[in-house]
Amino acid sequence: MKAIKSILTISFIIFGTQILLSAPPPPPAGSPGCWPPPCIPIDGGVTFLIAAGAAYGAKKLIDARKKNKYTI
């Protein structure tokens, strides 16, 4: 039973990496690709990431003030 589990695990790892590392199909001939700026949405995720980092930093600062009882 142990040998069957190890064989299945190894086969899933091999086939999984083959699927994940395979090249995507080429784009259709009529489309110009996706390099112009409208095709690269960066702003939405970065805004939330900055907001989450600011909230996390504020929480750490408040916790440090409570623990050490120092004021800045």
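Just so it is clear, none of the values below were taken in a lab; they were calculated from the coordinates. Note that the coordinates shown come from a computational prediction; the quantities given were computed from them, not determined experimentally. All Cβ positions, even for glycine, are placed from backbone atoms using ideal geometry, and neighbour counts span all protein chains on display.
Residue 63 versus residue 6, label points 7 Å from Cα toward the beta carbon: distance in nm?
Going from the residue 63 label point to the residue 6 one covers 4.3 nm.
Short version: ³J(HN,Hα) in whole Hz for each residue of the range 18-24, in order, from phi by Karplus 6.51 cos²θ - 1.76 cosθ + 1.60 (θ = phi - 60°), x for Gly and Pro, what are they?
5, 5, 5, 9, 6, 6, x
At R0 = 35 Å, how high is the FRET efficiency between residue 55 and residue 20 if r is their beta carbon distance? Nearest 0.05 is fine.
Working: r = 33 Å, r/R0 = 0.96.
The computed FRET efficiency comes out at 0.55.
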